[in-house]
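The values are calculated or read from the model by the stated rules, or taken from the named source; none is laboratory data. No experiment lies behind these values; they were computed from the predicted model shown. Methodologically, a virtual Cβ is constructed for each residue, glycine included, from the backbone with ideal geometry; neighbour enumeration extends over all protein chains shown. Keep in mind that these areas ignore ligands, DNA and RNA; they rest on the heavy atoms of the full protein, side chains included. Shrake-Rupley method; radii C 1.70, N 1.55, O 1.52, S 1.80 Å.
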Amino acid sequence: MAVNEILALHAAALDLFSGHVHRVRPGQWSRPTPCADWSVRDLVNHMTVEQLWVPPLLAGDTIEELGDRFDGDQLGDDPVAVWDDAAAAARAAFAEPVALARTVHLSYGDSPAEAYCAEMAVDAVVHSWDLARGIGADDALPAELAEFALRQVEPQAPALAASGLFAEPVPVPPDADAQTRLLGLTGRRA
């Protein structure tokens, strides 16, 4: 996949999630999401923390060097602004010249930055659906993003279930669309 295509898909996934973050009403931050034990705030915090890791990891830092810098609640009193800043910084870090040609040191080992960017895009796509469900918004994923995420997830489906990061896959009809298949593979009922 071309670098520009990966960056465009990552940006579109962040935009999708951001749109839902901006729709969260004050009384919705404590509402549950399809993610076990995560409220809307917990989910947005998780995604914010994921974005906060991007600039230092692309700069060559390791998980060990960063330690617990991003542990706990990072959202403070203005979750939307904190999300916006973190997402903008992650987007800018990935868009730096040759950033996607680097190697990043992740918790599970070294990875090409291009694969890391794709992984982050998939995370934003899936969690956009979760957030939409949590706030009662339209949970339809753009077809291009659903198809991209499905292409990334399908080859890893057995490992995802075993990792404990996702619930057990949910069976879906063989003729299901990409969104339904993606959600099923990541343990979600469409």
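Give me the pairs: first residue in the range 79-97 and part of a helix (DSSP H, G or I), second residue basic (Lys, Arg), beta-carbon distance under 9 Å, and six or more apart or on different chains, which are they?
Pro79/Arg41
For the range 148-171, name all the residues that are at pLDDT 95 or above and surrounded by fewer than 17 Cβ atoms within 10 Å (Cβ to Cβ).
Listed by number, the list holds a single entry, Arg151.
If you go through the range 135-145, how many residues are over 12 Å from Arg188 (Cβ atoms) and either not hydrophobic (A, V, I, L, M, F, W, C) or not in a loop (DSSP other than H, G, I, E, B) (or both)?
The first filter runs over the range 135-145 and keeps only residues over 12 Å from Arg188 (Cβ atoms), leaving 135-138, 140, 142-145.
Narrowing the set further to residues that are either not hydrophobic (A, V, I, L, M, F, W, C) or not in a loop (DSSP other than H, G, I, E, B) (or both) leaves 135-136, 138, 142-145.
Here the count works out to 7.
When only residues in the range 28-53 that are at pLDDT below 95 and over 20 Å from Leu141 (Cα atoms) count, which is most open to solvent (accessible area, probe 1.4 Å)?
Per the criteria, the residue is Asp37.
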